[in-house]
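The values are calculated or read from the model by the stated rules, or taken from the named source; none is laboratory data. Predicted model, so just to flag it, every value in this text is computed and none were measured. Reconstructed Cβ throughout: ideal geometry from the backbone, glycine too, with neighbour counts over all protein chains shown.
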2 protein chains.
Amino acid sequence: MSLTQFSIIDSTLREGEQFYGANFSSEDRLEIAQSLNNFGVEYIEVTSPCVSPQSRQDCQQIARLGLHSKILTHIRCNLEDAKIAVDTGVDGINLFFGTSSLLRQFGHGKSIPQILEIATEVITFIHEQSPATELRFSTEDSFRSELSDLLRVYLTIDSLGIIKRFGIADTVGIATPNQVFNLVQILRQSTDKDIEFHAHNDTGCAIANSYSALEAGATHIDTTVLGIGERNGITPLAGLIARLYTLDPETLSRKYHLHELLNLHQLVANRVGIPIPANHYIIGEASFCHKAGIHTQAILNNSKTYEAIDPDDFGLTRSFLLNHKLTGKHAIAYRAQQLGLNLDSSQIQSITQKIKTLADQQQLTPAHVDEILQSSFIQLTVNS
Amino acid sequence: MSLTQFSIIDSTLREGEQFYGANFSSEDRLEIAQSLNNFGVEYIEVTSPCVSPQSRQDCQQIARLGLHSKILTHIRCNLEDAKIAVDTGVDGINLFFGTSSLLRQFGHGKSIPQILEIATEVITFIHEQSPATELRFSTEDSFRSELSDLLRVYLTIDSLGIIKRFGIADTVGIATPNQVFNLVQILRQSTDKDIEFHAHNDTGCAIANSYSALEAGATHIDTTVLGIGERNGITPLAGLIARLYTLDPETLSRKYHLHELLNLHQLVANRVGIPIPANHYIIGEASFCHKAGIHTQAILNNSKTYEAIDPDDFGLTRSFLLNHKLTGKHAIAYRAQQLGLNLDSSQIQSITQKIKTLADQQQLTPAHVDEILQSSFIQLTVNS
């Protein structure tokens with residue numbers, strides 16, 4: 001699997017708008033698009049221009065910004081929506097149609113032949129109006145669709161010779177990594193077009209499933225910042241970056257401005273009005289915090305012992321937590337040295353025990369630990 | 001894969017205490033243990049009694065509560081720690097030893113033969129002192145260890161005939177689902193003992209990797225509430241439950257008190273002092289929120305269209321968000337009906353457009369939407 005070839009389609013401005021707390025203003029949308037561009041995602045997907053008057057204006061405006069990231073919009077597969085989308089000047093249009101029996105019966109109500117008829121009409125229309133528009137066609141709820149229906153739909157539409165990219169969507173977040181690998185591999189063997197994968201995260205496998213899709217030959221992965229989207233969302237951008245970084249840090253560092261990852265997350269969290277979870281991938285506050293004595297000891301010798309990701313590559317720093325009962329003598333010795341306090345190993349041992357016992361009784365702060373170290377040092381100096 | 005056989009080892013009170021924000025008091029520990037027991041995890045792992053005086057007392061007290069969940073503690077593999085652990089009265093002791101060259105060189109400094117010598121001594125000692133104690137031996141950093149070293153360690157220790165369970169740990173969170181499957185499968189073919197898997201989540205694959213371990217024959221999975229732990233933590237309990245529930249809801253509902261999941265999470269979040277992320281698995285506020293018009297329309301016909309998990313099974317409810325620009329006429333019609341307002345489809349269409357346009361300009365609340373519906377109804381009634 002080569003990571004040089006794949007592209008990220010970030011959908012914070014489309015799927016992300018479907019998150020329960022998100023209600024982006026025009027200004028939010030422009031700033032988030034700029035920030036995604038600064039990070040370097042290859043594509044930015046924005047909400048359908050058919051959704052509301054302002055959404056239409058914003059879609060047009062983002063398409064005109066001249067960003068390095070290509071701008072896509074995501075519309076229902078019908079002529080009415082297509083006519084509006086073509087006029088926005090976006091680089092590409094993402095079409096989708098539910099193919100599972102559940103969505104066909106209780107959603108749009110169309111049969112597979114009807115889906116093919118409508119999709120053919122819409123795709124042909126867009127291509128005639130705007131031949132340069134990059135077109136994607138995705139089945140929705142692909143993992144609850146019959147394989148025969150999926151292949152019939154993909155192959156019939158492929159034969160039009162217009163579609164640049166096919167999409168597979170785990171719409172309710174149920175697929176396992178093996179299921180994703182198998183379906184993507186079948187599609188990879190059936191077409192030479194690009195393959196996009198969209199993973200909902202209801203069962204926590206969105207990142208692993210996206211990785212599995214790439215292993216099977218997918219070329220494009222959908223993400224959102226913080227994983228926001230319908231229900232509990234889709235593949236979080238930072239999680240996908242973490243996954244791929246550990247496999248090939250050089251390529252990832254060349255493709256994306258990794259130092260922008262935190263800014264991008266802070267902006268989106270702020271505009272959605274949610275905190276960044278402390279244990280979010282890479283940019284969460286806890287990601288490079290080392291706490292247990294056994295961990296801090298090893299990290300002080302070689303950071304690779306307990307870090308798969310180098311915080312430097314993201315403009316971040318690691319930290320050692322000393323103010324708790326799990327602390328260890330090596331971490332305390334390191335802090336004493338930082339403070340310029342010359343203490344021998346039995347002194348460090350006894351100070352470590354003191355800190356552990358105090359932490360049993362109260363919430364210690366890092367300042368407390370420094371005070372204990374400094375006052376122990378003074379006492380020991382006076383006594384000697 | 002049968003889900004009736006596997007067990008959860010919840011480590012919120014051990015790995016979770018290594019989370020940067022966690023500093024549990026004795027009262028916290030007792031309450032969390034009770035709540036884990038109420039949910040029904042098979043095992044509760046608590047911090048080593050060697051860590052601090054209070055940790056030792058708390059370990060003893062939790063072991064004496066007579067909970068249905070078995071109590072384990074997790075200690076370094078040395079005689080000093082083992083002596084203290086045996087005295088606590090826990091049901092089982094989890095031993096670990098770093099086997100990767102990084103941990104051997106920069107962590108504990110022991111060679112593979114030294115590891116085997118020490119482990120043999122410690123295991124034999126514990127077994128002599130307390131034959132009923134359920135013993136687990138885990139390699140640490142298994143996925144950066146040489147396979148030959150791992151097998152030598154596991155097979156030599158297995159030949160003692162004492163160990164009940166072997167552990168595999170993805171200590172820095174780098175393994176992929178395939179790597180986990182392969183390693184667990186090799187161990188499964190090499191021993192008839194139970195196999196435990198411990199997955200860090202640095203690259204977002206902890207849930208998928210845990211599932212992969214079960215597919216390959218693992219019997220025990222480590223979790224923590226909210227996934228808290230060193231750095232960004234391990235397999236989140238609710239995520240594992242979500243993953244397994246979609247495969248076999250009946251078995252999961254029989255094994256665990258799913259209605260207790262939210263209480264447990266609220267308790268731990270409160271004691272750690274962090275909010276539950278809105279998009280956390282199952283119990284996050286957003287998990288059963290439906291927003292886009294196309295989704296709400298289908299859900300109103302059949303909730304399975306866009307829900308892989310039934311909120312009822314967890315004592316939770318779904319909600320429809322109407323106060324935004326992505327809303328649709330079916331959702332608005334549903335709300336009108338709930339409010340007892342008799343509006344025809346063209347009236348609903350025009351009210352939907354009005355709400356979308358207003359949402360472009362301001363942050364609407366659900367109360368706003370109701371007001372718009374009610375005042376439109378009154379106006380239409382007056383005009384007719």
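Points worth noting:
- Restricting the range B:230-242 to residues that are of a type outside the set (D, E, K, R), within 8 Å of another protein chain (Cβ to nearest Cβ) and assigned to a loop (DSSP other than H, G, I, E, B), the residue that is surrounded by the fewest Cβ atoms within 10 Å (Cβ to Cβ) is B:Gly233.
- The one condition in (1) crowded, with 19+ Cβ neighbours inside 10 Å; (2) closer than 22 Å to B:Phe377 by Cα; (3) out of contact with any strand residue (DSSP E or B) (no Cβ under 8 Å at 6 or more places or on another chain); (4) not aromatic (Phe, Trp, Tyr) that B:Leu321 fails to fulfil: (3)
- Here A:Phe166 fulfils each of the conditions (1) free of Cβ contacts under 8 Å to residues at least 40 places away in the same chain; (2) more than 15 Å from A:Leu95 (Cα to Cα); (3) not acidic (Asp, Glu) apart from (2).
- Only residues that are of a type in the set (Phe, Trp, Tyr) and either more than 16 Å from B:Val41 (Cβ to Cβ) or within 11 Å of another protein chain (Cβ to nearest Cβ) (or both) were counted across the range B:195-215, and they come to 1.
- Pairing each residue of the range A:108-134 that is closer than 19 Å to A:Lys164 by Cβ with any residue that is acidic (Asp, Glu) and surrounded by 16 or more Cβ atoms within 10 Å (Cβ to Cβ), provided the two are 6+ apart or on different chains, yields C-beta distances under 7 Å for A:Glu134/A:Asp91.
- Selected residue (criterion: nearest to the other protein chains (Cβ to nearest Cβ)) from residues of the range A:1-34 that are acidic (Asp, Glu) and more than 25 Å from A:Ser253 (Cα to Cα): A:Glu17
- Per the conditions (1) touching a Cys at 6+ places or on another chain (Cβ under 9 Å); (2) within 22 Å of B:Gly167 (Cβ to Cβ), the sole criterion not satisfied by B:Gly16 is (1).
- Among the residues making up the range A:301-321, those that are of a type in the set (Asp, Glu) and more than 9 Å from every other protein chain (Cβ to nearest Cβ) are A:Asp310, A:Asp312, A:Asp313.
- Here B:Ala367 does not qualify as more than 14 Å from every other protein chain (Cβ to nearest Cβ) and over 18 Å from B:Cys289 (Cα atoms).
- B:Ile174 vs. criteria part of a helix (DSSP H, G or I) and buried (at least 17 other Cβ atoms within 10 Å of the Cβ): no
- All positions within the range A:20-40 that are of a type in the set (A, V, I, L, M) and either farther than 14 Å from A:Gly66 by Cα or outside the structural domain of A:Ala238 (by TED's automatic domain parsing) (or both): A:Ala22, A:Ile32
- Inclusion of A:His257 among residues that are over 22 Å from B:Pro277 (Cβ atoms) and modelled with pLDDT of 95 or more is warranted.
- Of all residues making up the range B:286-306, the number that are at pLDDT below 95, out of contact with any strand residue (DSSP E or B) (no Cβ under 7 Å at 6 or more places or on another chain), within 21 Å of A:Gly21 (Cα to Cα) and not hydrophobic (A, V, I, L, M, F, W, C): 4
- The residue that is surrounded by the most Cβ atoms within 10 Å (Cβ to Cβ), counting only those in the range A:177-210 that are more than 15 Å from the chain's Cα centre (by Cα) and among the polar types (S, T, N, Q), is A:Thr203.
- Residue list for the range A:139-171, filter: part of a loop (DSSP other than H, G, I, E, B) and among the acidic types (Asp, Glu): A:Asp141, A:Glu146
- Residue in the range B:327-336 that is crowded, with 20+ Cβ neighbours inside 10 Å, aliphatic (A, V, I, L, M) and in contact with a His (Cβ under 7 Å, 6 or more places away or on another chain) present: no
- The set of residues in the range A:65-123 that are charged (D, E, K, R) and part of a helix (DSSP H, G or I) comprises A:Glu80, A:Asp81, A:Lys83, A:Arg104, A:Glu117, A:Glu121.
- Residue within the range A:128-138 that is assigned to a helix (DSSP H, G or I), of a type outside the set (S, T, N, Q) and within 28 Å of A:Asn232 (Cα to Cα) present: no
- Applying the criterion of being in contact with a Gly (Cβ under 7 Å, 6 or more places away or on another chain) and more than 7 Å from chain B (Cβ to nearest Cβ) to the residues of the range A:263-293, the residue that is nearest to B:Ile228 (Cα to Cα) is A:Ile276.
- Checking each residue in the range B:369-384 for being crowded, with 17+ Cβ neighbours inside 10 Å and over 44 Å from the mean Cα position of the chain (by Cα) picks out B:Ser376, B:Phe377.
- The range B:301-320, residues that are part of a loop (DSSP other than H, G, I, E, B) and in contact with a His (Cβ under 7 Å, 6 or more places away or on another chain): B:Tyr306, B:Gly315, B:Arg318
For (1) within 12 Å of chain A (Cβ to nearest Cβ); (2) not in a helix (DSSP H, G or I), each residue gets a yes or a no:
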| site | (1), (2) |
| --- | --- |
| B:Thr327 | yes, yes |
| B:Arg335 | no, no |
| B:Ser346 | no, no |
| B:Ile351 | no, no |
| B:Lys354 | yes, no |
| B:Ala359 | yes, no |
| B:Glu371 | no, no |
| B:Ser376 | no, no |
| B:Gln379 | no, no |
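- Criterion: at the interface with chain B (Cβ under 7 Å from one of its Cβ atoms) and in contact with a helix residue (DSSP H, G or I) (Cβ under 8 Å, 6 or more places away or on another chain) - qualifying residue of A:Ala218, A:Ala298: A:Ala298
- A:Ala298 vs. criteria touching a Ser or Thr at 6+ places or on another chain (Cβ under 6 Å) and not in a loop (DSSP other than H, G, I, E, B): yes
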